[in-house]
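Please read the structure below before turning to the comments.
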Amino acid sequence: MIEVSAPSNIALIKYMGKVDSSSNTPTNSSLSYALENFRTTVTVEKNTSPIDEWRPLIGNQFHRIELSSKGKEKFLSHFNLMKKALGLDGFYKISSANNFPSDAGLASSASSFAALTRAAYALKKSMDVSFEISDEGLSTLSRQGSGSSCRSFFSPWAIWDEESAREIKLPIQKLNHHVFIFESGVKKVSSSEAHSRVVQSPLFKTDSNGRSRVERAEKRMSELLASFQEHHWTKSYEICWEEFWDMHELFHTSTPAFTYLTEEVKQTLKKMQSRWKKEGCGPIITLDAGANIHALFRHEDKDLLQSWQAEFEPRIQLGSKVH
Ligand code: DP6
């Protein structure tokens, strides 16, 4: 039996909008930080029945994943693509699970598809040790399953531009990641659906300064890389703040418009911003296509993490549990 795992990642410059949805070709470059502690494990073994099947992976160390029938279809169709790409014969039982609870409101498609891609490769290697594909090659294959998964092959930083995804060296290597969870259920608008709706927003074509979404994202990308190189933490925070709001404004102005932000999330973001301004330090803050607030703290700001948790952790969460 083959068993492999892969990490999730959080984007600071977002992949939102596709040039081609069949190959998940993005409209702009993105930059992500690997979440090494949030992983999906995939196992693959021969199936005696002539079909590929998926089941949740069970184990004390795992949190069970439940895939919808659409989710299973997408997962198995990516496995089929991998079989063709690697020349794998036969039929297989595939199982997967996360080491983080699925109700933690963390998108697991990046880690799931990266782990499935790595598992198919490990299976091929177990049959033919001389078979070689680089991480870049695997990342390109994984992208076909779910775009953001192509960045999960590189750690800690990955850049994904028109060429491919690859590692990018930045001076900050280790950040402390914390998610403030405001919503844990299934999203009403999936990120794949969001990708197709945002291109209809007038802000995608041009904003009040005459810049398109692609121009804004690319400008922020070069400014963010420069600010990391120069150890300019406040500037990095400001760029990431503008970037996630830009993406959410696209959601709010697409047709039909939609939002992930509840009043509570908006209020919390306001308070976080005020605290940052008052103290002149804090974490990088970002949101994906969801209501949960991701915070990345510098190592030297360990004490800040605790006091931010004390101040901003939602009081009511996961089925109205008060803690
Ligand atoms: C908001 O990779 O989930 O998290 O390619 O359709 O599977 P598909 O979309 P997906 O999109 C992720 C969008 C995002 C931003 C990001 O991770 O860059």
Could you say which residue among 116, 106 is within 14 Å of the ligand (Cβ to nearest atom), under 22 Å from residue 56 (Cβ atoms) and part of a loop (DSSP other than H, G, I, E, B)? 106
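Out of curiosity, is residue 253 at pLDDT 95 or above and within 15 Å of the ligand (Cβ to nearest atom)? Full working, then the answer.
On the way: at pLDDT 95 or above: yes; within 15 Å of the ligand (Cβ to nearest atom): no.
When the stated conditions are applied, residue 253 does not pass them.
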Failed condition for residue 195, given (1) within 16 Å of the ligand (Cβ to nearest atom); (2) modelled with pLDDT of 95 or more; (3) part of a loop (DSSP other than H, G, I, E, B); (4) not basic (Lys, Arg): (3)
What number of residues in the stretch 25-50 are modelled with pLDDT under 95 and more than 16 Å from the ligand (Cβ to nearest atom)? 1
Across the stretch 158-192, which residue is nearest to the ligand (Cβ to nearest atom) among those that are under 20 Å from residue 258 (Cα atoms) and charged (D, E, K, R)? 187
Here is a list of conditions, (1) surrounded by 15 or more Cβ atoms within 10 Å (Cβ to Cβ); (2) among the hydrophobic types (A, V, I, L, M, F, W, C); (3) outside any helix (DSSP H, G or I); (4) away from the ligand (no atom under 15 Å from the Cβ), and residue 131 meets all of them except one; can you say which number that is? (1)
Filter the stretch 288-305 for residues that are aliphatic (A, V, I, L, M) and not in a helix (DSSP H, G or I); the one that is nearest to the ligand (Cβ to nearest atom) is 289
Spot the failing condition for residue 159; the list is (1) in a strand (DSSP E or B); (2) in contact with a Phe, Trp or Tyr (Cβ under 9 Å, 6 or more places away or on another chain), and only one is missed. (2)
Please give the number of the condition residue 17 fails out of (1) within 19 Å of residue 190 (Cβ to Cβ); (2) surrounded by 13 or more Cβ atoms within 10 Å (Cβ to Cβ); (3) more than 11 Å from the ligand (Cβ to nearest atom). (3)
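The values are calculated or read from the model by the stated rules, or taken from the named source; none is laboratory data. Source: prediction; values computed, not measured. Neighbour counts are summed over all protein chains in view; Cβ atoms, including those assigned to glycine, are modelled from backbone coordinates with ideal geometry.
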